[in-house]
1. With a 1.4 Å probe and all protein chains left in place, how much of the accessible area of the chain comes from carbon and sulfur atoms, in whole percent?
2. Through the Karplus equation 6.51 cos²θ - 1.76 cosθ + 1.60, θ set to phi - 60°, convert the phi angles of the stretch 220-228 into ³J(HN,Hα) values in whole Hz; use x for Gly and Pro.
3. Using 0.36 nm per residue, how much length does the chain from Phe161 to Asn192 gain when fully extended, once their Cα-Cα distance is taken away?
4. State in Å² the accessible area per residue of the chain; use a 1.4 Å probe, count heavy atoms of protein chains only, and round to the nearest integer.
5. Past the 25 angstrom mark, what percentage of all C-alpha to C-alpha distances in the stretch 81-236 do you count?
6. Taking the chain as the reference, fit the longest principal axis to its C-alpha atoms, fit the long axis of helix 24-33 to the helix C-alpha atoms, and give the angle between the two in degrees, 0 to 90, nearest 10.
7. Under a point spin-label approximation (7 Å from Cα along Cα-to-Cβ), what is the Arg77-Glu45 distance to one decimal in nm?
8. With every protein chain present, what accessible area does Asp23 have (1.4 Å probe, heavy atoms only), rounded to the nearest 10 Å²?
Amino acid sequence: MRLGVNIDHVATVRQQRHAGYPDPVEAALLSLKAGADSIVAHLREDRRHVQDADIFRLKERVKRLNMEMAISPSVIRVALAAKPERVTLVPERRQELTTEGGLDVARGGARLRRAIGRFLDAGIRVSMFIGADERQVEASIRLGAIAVEFHTGGYADAPNFRLRLRELLRIARCSRFAADRGLEVAAGHGLNVSNVAAIVRIPEVEELNIGHSIVARAVAIGMPAAVREMKNRMRR
Ligand code: PXP
């Protein structure tokens with residue numbers, strides 16, 4: 001199973017001070033060195049974390065770059081200019097803290113169809129970030145997607161075991177449905193070291209895209225080394 005590391009929240013820390021660090025491209029290269037199979041970066045319409053220049057710099061250094069995006073004109077322009085290996089289309093609301101649900105491909109209409117056509121013409125592969133729902137899978141196929149990514153937030157954030165199991169079974173059922181129809185199947189959102197194991201057991205899921213928990217763990221695991229480094233520099 002492949003791991004795509006989402007580096008958005010490295011950029012979040014940088015944007016907090018508009019400093020030059022931490023650098024999401026450096027984080028991407030370190031992730032690949034540690035075994036990540038691809039890098040995911042979400043260029044949001046409000047540019048709250050990843051910036052246009054990051055996408056171009058990532059594209060120069062990372063072969064398997066998966067750019068997450070909503071179909072907003074300024075973001076589409078960057079994607080068509082940078083040409084990442086793939087784009088994952090997500091819904092986006094300005095007020096949300098993170099991508100709260102899957103894309104409604106079934107109701108996507110002409111705008112979505114046009115945008116996908118432009119990516120396919122540019123040789124960019126298209127994946128859809130959707131809820132585990134057969135109708136959304138079928139609509140994704142109709143629009144030319146080669147992959148779907150199932151939103152695992154409902155599973156990760158389920159308030160009790162029964163609801164978590166229900167979500168897990170839904171994702172497993174739809175993964176089989178999508179793979180049987182020739183789609184690549186990925187999953188992601190809210191996954192961490194405590195909840196990833198059950199998703200890994202779904203045989204059709206080929207890739208997990210994980211961001212927040214990995215960046216958070218990097219802070220925890222990396223804090224002793226960062227403090228030691230500073231103490232060393234402070235020696236008189
Ligand atoms: N996959 C997609 C399509 C997403 O939108 C996100 C969140 O940006 C992720 C994966 C990663 O989610 P998380 O940061 O919760 O691991």
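The values are calculated or read from the model by the stated rules, or taken from the named source; none is laboratory data. Source: prediction; values computed, not measured. In this analysis, Cβ positions are derived from the backbone assuming ideal geometry, glycine residues included, and neighbour counts consider all displayed protein chains. To get the accessible areas, we keep the full protein, side chains included, count just its heavy atoms, and leave off ligands, DNA and RNA. Shrake-Rupley method; radii C 1.70, N 1.55, O 1.52, S 1.80 Å.
1. On the way: 6750 of 12660 Å².
Summing carbon and sulfur atoms, their accessible area is 53 percent of the total for the chain.
2. Result, rounded to whole Hz: 5, 5, x, 4, x, 5, 5, 5, 4.
3. On the way: separation 31, 0.36 × 31 = 11.16 nm, distance 1.67 nm.
Contour length minus Cα-Cα distance gives 9.5 nm.
4. On the way: 12660 Å² over 236 residues.
Averaged over the residues of the chain, the accessible area is 54 Å².
5. Working: 4673 of 12090 pairs.
Tail of P(r) above 25 Å: 39 percent of Cα pairs.
6. 80
7. It is 1.5 nm.
8. Approximately 40 Å² for this residue.
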